[in-house]
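Below you'll find the structure, written out as structure tokens, and then a few comments.
The values are calculated or read from the model by the stated rules, or taken from the named source; none is laboratory data. This one's a predicted model, so the numbers in the text were calculated from it and none came from an experiment. Here the Cβ positions follow ideal geometry from the backbone for every residue, glycine too, while neighbour counts run over all protein chains shown.
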Amino acid sequence: MQKTALRSLYLAKRKQLSSQEKALFEEQIVDILFAHFSFSGSVTSCFLPIEAKHEINTWGILAGIQKNHGQIAIPAWDTVRNALVHRMYTDEMQIAVNSFGIPEPQNGIVISNDVFDYVLVPLLAVDRMGARVGYGKGIYDRFLAECSPKTLFIGLSFFELIDCIEDTDVYDIPLHYCITPTKCYRFEK
């Protein structure tokens, strides 16, 4: 399938999840994530969930990273540059939902894109090569292209991998890993 069709299909599939299914899947994803990765001493980019799009609730992941003595940065969309800007997460951070429904930090120290050890990547679908379908604006791909070569990109998905996204291009940055409710998938680059 192509990205446009996959985007529609997986947005609908997410909305069809019951609140109990969604909560169970989130718990399983968190357990698998922390079983495979140690965030101690790391710097991680972690998106905040867009509730209207039924994204994975990442607040438990943030708490787990903090408990493991890792640092977290939260992205905000700079609409002028059409790019992500990251601010270090603190308990004093003020979060507000922007006009697109995205919760973003309103204050905090801005950090460079090349300092991350891990990036937790939102997605709708991912294939067996680590290619992903997002919301179609390319914002995350531009951000991932600016990260250090040592940075690991970890997708978080309610659903298992699909065989192939037919219309990937040179600007699509593949994931290194994807966590689903059943497994941690590793992709070879």
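Just a few scattered comments:
- Extreme residue, surrounded by the fewest Cβ atoms within 10 Å (Cβ to Cβ), among residues of region 143-171 that are under 15 Å from the mean Cα position of the chain (by Cα) and either assigned to a strand (DSSP E or B) or at pLDDT below 95 (or both): LEU152
- Of residues in region 1-22 being small (Gly, Ala, Ser) and in a helix (DSSP H, G or I), the one farthest from ALA52 (Cα to Cα): ALA5
- Lone unmet requirement of (1) surrounded by fewer than 12 Cβ atoms within 10 Å (Cβ to Cβ); (2) in contact with a strand residue (DSSP E or B) (Cβ under 7 Å, 6 or more places away or on another chain); (3) in contact (Cβ under 8 Å) with a residue 60 or more places away in the chain; (4) of a type in the set (A, V, I, L, M, F, W, C) for ILE29: (1)
- Residues of region 127-136 include at least one that is under 24 Å from LEU17 (Cβ atoms), under 17 Å from the mean Cα position of the chain (by Cα), in contact (Cβ under 8 Å) with a residue 60 or more places away in the chain and surrounded by fewer than 18 Cβ atoms within 10 Å (Cβ to Cβ).
- Among residues of region 172-182, those that are in a loop (DSSP other than H, G, I, E, B) and in contact (Cβ under 8 Å) with a residue 60 or more places away in the chain, counted: 3
- Scope region 46-91; condition closer than 18 Å to ASN113 by Cα and of a type in the set (Asp, Glu); matching residues: ASP78
- Exactly one residue out of SER18, SER40 is hydroxyl-bearing (Ser, Thr, Tyr), loosely packed, with under 14 Cβ neighbours inside 10 Å and within 19 Å of PRO181 (Cα to Cα), and it is SER18.
- Lone unmet requirement of (1) surrounded by fewer than 16 Cβ atoms within 10 Å (Cβ to Cβ); (2) under 20 Å from ALA5 (Cα atoms); (3) free of Cβ contacts under 8 Å to residues at least 60 places away in the same chain for ARG186: (2)
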